[in-house]
Amino acid sequence: MLLGGRIAEELTFGIDEITTGAQNDIERATELARKMVTTYGMSEKIGSIAYGKGNEHVFLGRDFGTDRNYSEEIASMIDREVKALIEERYVYAKKILSENKDIMDEIVKVLLERETLDEREVEEIMERVRNNRTHA
């Protein structure tokens with residue numbers, strides 16, 4: 001979901017016209033993938049081990065974060081796993097958006113007119129576009 005905005009730009013404008021608008025979404029997706037690997041044990045290669053020790057003491061300008069308690073080798077493995085997770089989800093999301101580009105384009109058109117849509121309105125657009133597919 002977090003990668004959808006960037007993918008939508010890529011599908012609509014092309015890879016050379018992508019803006020920085022999805023920067024925060026990419027940061028959040030990367031942070032989530034890193035937690036999946038280092039905290040939640042959701043990587044077969046890394047295993048069910050929590051890496052990184054939480055740092056809860058704020059002093060001398062130091063912020064909340066984690067202290068690294070693992071080797072460079074593990075850090076490289078973590079980086080590879082995070083990258084693989086992001087790339088895998090990117091490919092999956094791009095496939096879904098590509099297969100439903102007509103729905104995405106219609107949602108974009110309506111959003112440009114109204115700026116916001118609620119869940120019901122999105123569902124109505126999706127249903128209308130799907131009905132047009134079957135009748136075309």
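Summary table
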| read-out | value |
| --- | --- |
| Residues T12, T134, sorted so that the one with the fewest Cβ neighbours within 10 Å comes first | T134, T12 |
| Full-extension gain in nm, T20 to E119, via 0.36 nm per residue minus C-alpha separation | 33.0 nm |
| Neighbour-count order for L117, L3, fewest beta carbons within 10 angstrom listed first | L117, L3 |
| Nearby lysines by direct alpha-carbon distance to K83 (threshold 23 angstrom, same-chain neighbours under 8 apart not counted) | K35, K45, K53, K94, K95 |
| MRE, 222 nm, helices only [DSSP H, n ≥ 4, -39500 (n - 2.57), over the chain, to nearest 500] | -21000 deg cm²/dmol |
| Total formal charge among the other residues, if their Cβ is under 14 angstrom from that of R114, Lys/Arg +1 and Asp/Glu -1 | -4 |
| With Cα atoms, 0 to 90° folded angle of helix 4-13 axis to the chain main axis | 50 degrees |
| Fully extended contour minus Cα-Cα distance, from T134 to T12, at 0.36 nm per residue | 41.6 nm |
| Cα centroid separation, the range 61-135 to the range 29-44 (Å) | 17 Å |
| Where a label projected 7 Å from the Cα of I49 along Cα→Cβ would reach, residues of the range 8-42 with amide N under 19 Å | 34-42 |
| Principal-axis tilt of helix 72-99 within the chain, Cα atoms, nearest 10 degrees | 10 degrees |
| Using alpha-carbon coordinates, inclination of helix 119-135 to the longest axis of the chain, degrees | 50 degrees |
| Inter-probe distance in nm under a simple model that places probes 7 Å from Cα toward Cβ, at Y70 and S98 | 3.2 nm |
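Read-outs: derived from the displayed coordinates by stated rules, not from any lab. Just so we're clear, the structure is a prediction, and the values are computed from it rather than from any experiment. Reconstructed Cβ throughout: ideal geometry from the backbone, glycine too, with neighbour counts over all protein chains shown.
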